[in-house]
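Read the figures in this text as sums done on the coordinates, not as results from a lab. Remember, it's a predicted structure, so these values are computed and weren't measured experimentally. Reconstructed Cβ throughout: ideal geometry from the backbone, glycine too, with neighbour counts over all protein chains shown.
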Amino acid sequence: MGLRQAVMEKLKEAMKAKDEVRVRTLRLLNAALLELEKSGQEVTEDRELQVVLTSVKKRREAIEQYEKAGRQDLVEQEKAELQVLEEFLPKQLSREELRQEVARIIEEVGATSIKDFGRVMQAAMKVLRGKAEGKQVQQVVRQLLSSE
């Protein structure tokens, strides 16, 4: 079952349960996935994942902005939507799992110093997309490259 079909199933369940937050969030996600289909691009799992990641990133940025503005009501709304979207992401890596994976990638790429940061990040994001936030990957890569 593709991601769009899974979203539609969850949407039906949410509508039956009269869960307004889930219904609203799943409708937005479904619309984004439908837009991907209509764009003429080939629909792959990676592109579908990218749609979900973009939606997640928007929610996280909105949460940050609303917290700065002191709008706790909107922060809670965005967090609820974020929680729904995270159901469609792969299992997130723990900090230690992320460290191990980045260390393996550094060895694979043959990186020896912080000068190799760009190469390591490029390889890491291919492997870790959706499994860890870009900021976390960046921190771990910097930390491991500076200690070598």
Task: For the range 98-106, Karplus couplings with θ = phi - 60° (6.51, -1.76, 1.60), whole Hz, Gly/Pro x - done: 4, 4, 5, 5, 5, 4, 5, 5, 4
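Treating the beta-carbon of each Lys and Arg as +1 and of each Asp and Glu as -1, no other charges, what is the dipole magnitude of the range 56-146 about its Cα centre, to the nearest 20 debye? Numbers along the way, then the final one.
Values: 18 positive and 16 negative charges, 70 e Å.
Magnitude of the dipole: close to 340 debye.
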TODO: Report, to the nearest 10°, how far helix 117-128 tilts away from the longest principal axis of the Cα atoms in the chain, using its own Cα long axis and a range of 0 to 90°.
DONE: 40
Open item on the list: Could you work out the pair-distance distribution P(r) of the range 95-147 from its alpha-carbon pairs, with 5 angstrom bin width and percents rounded to whole numbers?
Closed with: 4, 24, 41, 23, 7, 0
Task: Options 77, 56, 117, ranked by Cα towards positive dipole end of the chain, top entry (Cβ charges) - done: 77
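Give me the net charge for the shell around residue 97: Cβ to Cβ below 10 angstrom, other residues only, Lys and Arg +1, Asp and Glu -1.
Charge balance in the 10 Å sphere: +2.
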TODO: Using only Cα atoms, tell me the angle between helix 45-69 and the longest principal axis of the chain; keep it within 0 to 90° and round to the nearest 10.
DONE: 80
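For the chain, what D do you get in µm² per second when you plug the Kirkwood radius from alpha-carbon pairs into Stokes-Einstein at 10 °C and 1.306 mPa s?
Details: Rh = 17.1 Å.
In µm²/s, the coefficient rounds to 93.
Once the Cβ-Cβ distance between residue 45 and residue 103 is put in as r, and R0 is 30 Å, what FRET efficiency do you end up with, to the nearest 0.05? Kindly include the intermediate steps, with their values, before the conclusion.
Numbers: r = 26 Å, r/R0 = 0.88.
The value I calculate is 0.70.
How high is the FRET efficiency between residue 35 and residue 68 when r is their beta carbon distance and R₀ equals 30 Å, given to the nearest 0.05? Working shown, then result.
Values: r = 30 Å, r/R0 = 0.99.
Computed FRET efficiency for residue 35 and residue 68 comes out at 0.50.
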TODO: Sequence neighbours fewer than 8 away in the same chain don't count; with that in mind, list the aspartates and glutamates whose C-alpha is under 16 Å from residue 131.
DONE: 45, 46, 48, 86, 87, 96, 97, 101
